[in-house]
Every structure is written in C-alpha cells, then in structure tokens.
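Notes to accompany the following structure.
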Amino acid sequence: MSASASSRPGSRAWLLAETPHSRTQARLGQAYVRWLHFLRNPLAMIGLAIVVALIVIAALAPYLTSHSPFAQDLGNRLQAPSAEHILGTDELGRDVYARLLHGARITLLIVGLVAIIVGPIGLLVGTVAGYLGGWFDTVLMRITDVFLAFPRLILALAFVAALGPGIQNAIIAIAITAWPPYARIARAETLTIRNSDFISAIRLQGAGPLRIILGHVVPLCLSSLIIRITLDMAGIILTAAGLGFLGLGAQPPMPEWGAMISSGRKFLIDHWWVATIPGVAICIVSLGFNLLGDGLRDVLDPKGK
C-alpha cells in the first residue's frame, strides 16, 4: 500500500496501516481489504443484496403483509393480482404474497440448519482423514465415496421415505446427503498443509494430533469450506423445494415454496401466478447465493490471487 493510504485520517488509516501494531489490527485490516475487493465485484454485491433481502423479509414477514398465510377464503379463490391481493390468491383463497413472505422463513431455516450441520461434519471428517492418513483415511473416504455415488436428490428421497415426510426429516435427509463434498475439500486442503514447516514445528513443541487439527488445520480450511457452502446453498434450496414439491418436505398448510409450486401446477395455464411466483422466488434466491459464493471465492480463495 502507498504511504498516502496510511496517512488517511480516522479508522481507515488504522485499518490500512502498513505496519500493524497488533494481531487484531492486522486481521481487521486484512478483512477490510477483502471487503474493498468484494465491493468492486458488482455481481457479488447483487448476490449479497438478494441474500440480505431474504433475511430481512424472513425476519419482518408478519409486518410486511396484513394477510395470514394460512387463512382460507374460498369465495376469493384463484383471484388475479390486485390491490387487495398483490400477488393474487391460491386455490384455497390464501394470499400468495403472505405465503411467499412466510415461505422465506422456511427456506432460510432449511438453508441455515443444513449449513450448521454439514459444515462441522464435513470439516471434521476431511481434516481427520487428511491429517491422520492410513486406515482412518481409507475408511472415512470410502464412506464418503458411498454417499457421493448417488445423486443428492435421489439419496435424500430415500432417507425421507425411511424417516417419513416433514420439514425436520427433510432437513436431516438433506444434511446427510450434503456433507461428503465438504469432507473431500477439507481433506485436500489438509493434505497440502500437514507436512508444512509450521506444522512440523508445532509437532516438535509437543502438540498432539487433536490440538493440531482443531487449532491449526481447521482454521486454514475454513475459507474453502465457506465458499463451497455458499455455492451449495442454491442446491440445498432446490433439493428442499423438490422434496416439498413431491410432498415429502414441509407439509400443508406450511407455506413452503416447493409445496406452493406443487399445489399450483394444476392451475398453471389459467392461473399462472399460483405456481410461477414461488418458482421465480426460488430462482432469484438461488441466483443470489451463487453470485455471493462466486464473490466470496474471488476474495477468500488464495489460489485465485
């Protein structure tokens, strides 16, 4: 960085200082530089805006509409979009706009819980297999290969069929089928760093495998894992919508987008809004996560620099 950058007043100069005075300052400065790089990517900013909008809509859904997502009004069934019902009504007279907003909560719940479950599992399996090697690596990777041998949706259908329909079982099924790619990535990252000089130095200081894996290997694998999880959010959303479409995910009357498409497909020709609007919502949110993931990859992936 230039000397003029470090002479700028205020917190910006502190963040962009060429000689940080503490580890915290160095980390915050690095994060700030990455944020500036992220800001220069317009598509990534569009993706971030879509994801933030999804979070805001999910949080404020009860305050953004005066209609209940569950209230039925058979006298107003299949009404076209109007001033009273912005996005029309479905086959039971329920407001599509209200159901769409409340369905964002379900989508965000599924995405968040799946990410919380599969991230640690994939990271633990991959780092343990990569660092310990030997029969640990062989057993864990063969189990991973078994899950990777089947398409994710087909395997999720099998687990949901065994567990029974419902949003909780759908989340469990998606999580069970989603962790293997993360384990593969974590293992590949671990193999590249386990014989590094700093790992050897830590080992000579008496650190055990558990301390090395949790304290040094796992943090180095986090950036790649975050990128892959963000890029996979679209696939998770589509899998959840597919299960809902088939009646194996969220059950009526929950306003899940896939189930809304399933119930509205019978009226697609004459009353297009019932199925089309939740389908458009799925496309937009999936696009947002993909654009955000691409932007994070450009910022966080050290191989791209």
| query | Does region 127-143 include one or more residues that are closer than 29 Å to ALA241 by Cα and surrounded by fewer than 17 Cβ atoms within 10 Å (Cβ to Cβ)? | reply | yes
| request: Report, by residue number, each residue of region 251-291 that is within 15 Å of LEU92 (Cα to Cα), among the aromatic types (Phe, Trp, Tyr) and touching a helix residue (DSSP H, G or I) at 6+ places or on another chain (Cβ under 6 Å). | output: PHE267
| query | When region 250-270 is examined, which residues are found to be over 20 Å from PHE70 (Cβ atoms), in a loop (DSSP other than H, G, I, E, B) and of a type outside the set (Val, Ile, Thr)? | reply | LEU268, ASP270
| Residue, nearest to the chain's Cα centre (by Cα), within region 52-68, restricted to residues that are at pLDDT 90 or above and crowded, with 18+ Cβ neighbours inside 10 Å | LEU54
| remark: Taking region 146-160 and keeping only residues that are in contact (Cβ under 8 Å) with a residue 24 or more places away in the chain and not aromatic (Phe, Trp, Tyr), one is left with LEU148, ARG152, LEU153, ALA156, LEU157, VAL160
| If only one of THR177, THR192, THR239, THR230 is modelled with pLDDT of 85 or more, of a type in the set (S, T, N, Q) and farther than 30 Å from ILE284 by Cβ, which one is it? | THR192
| request: Output yes when any residue across region 281-303 is crowded, with 17+ Cβ neighbours inside 10 Å, assigned to a loop (DSSP other than H, G, I, E, B) and under 20 Å from the mean Cα position of the chain (by Cα), and no when none is. | output: no
| Is it true that TRP273 is within 17 Å of the chain's Cα centre (by Cα) and of a type in the set (Phe, Trp, Tyr)? | no
| field | VAL56 being of a type outside the set (Asp, Glu) and in contact (Cβ under 8 Å) with a residue 40 or more places away in the chain | value | no
| message | Condition first: assigned to a helix (DSSP H, G or I), over 30 Å from LEU92 (Cα atoms) and modelled with pLDDT under 90. Can you find one or more residues in region 38-46 that meet it? | response | yes
| message | I'd like the full set of residues that are buried (at least 21 other Cβ atoms within 10 Å of the Cβ), over 15 Å from ALA281 (Cα atoms) and touching a helix residue (DSSP H, G or I) at 6+ places or on another chain (Cβ under 7 Å), limited to region 89-106. | response | THR89, ASP90
| task | Starting from residues that are in contact (Cβ under 8 Å) with a residue 40 or more places away in the chain, buried (at least 22 other Cβ atoms within 10 Å of the Cβ) and of a type in the set (A, V, I, L, M, F, W, C), keep the ones in region 253-272 and report whichever is nearest to TRP35 (Cα to Cα). | result | TRP257
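The values are calculated or read from the model by the stated rules, or taken from the named source; none is laboratory data. If you're wondering where the values come from, they're calculated on a predicted model, not measured in any experiment. Note: ideal-geometry Cβ built from the backbone for every residue, glycine included; neighbour counts use all protein chains shown.
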